[in-house]
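Step one of this worksheet: look at the structure below.
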Amino acid sequence: MIVGSSGKMQKVDAGSILGGNVAALKYFMPLVGLDLGPPREPMKAMNENEARQFKKDVEDLGFFTWDPATIV
């Protein structure tokens, strides 16, 4: 559960947000300060459009602005 930008608790399915694949996870981790490098073959890295949309989706959830003090 996280608190979204609306201030309401939201259940988050990490698999759905991350696209259910390693490429999305590899893109996401540097956003939180942990660079794990590119995905190994046969996985492909996200293209620029996928990465931009993914980051927007995560931002829209309020991931980067959540306050741990609001978790009940």
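Readers should treat all values here as calculations from the given coordinates under stated rules, not as data from a laboratory. Owing to the predicted nature of the structure, the values given are computational and were not obtained by experimental measurement. No Cβ is skipped: glycine too gets one built from the backbone with ideal geometry, and neighbour counts run over all protein chains shown.
Highest mean packing first, where packing is the average number of other Cβ atoms within 10 Å per residue, the peptides 55-62, 24-31, 43-50 line up as 24-31, 55-62, 43-50.
Fully extending the segment from Met43 to Asp60 would add 3.5 nm, taking 0.36 nm per residue of separation and subtracting the current Cα-Cα distance. Note on Val32, Val22: ascending count of other Cβ atoms within 10 Å places them as Val32, Val22, the fewest first. Rounded to the nearest whole Hz, the Karplus-based 3J(HN,Hα) values (6.51 cos²θ - 1.76 cosθ + 1.60, θ = phi - 60°) of the range 21-34 follow the sequence 9, 5, 4, 5, 4, 5, 6, 5, 4, x, 5, 10, x, 10, with x at glycine and proline.
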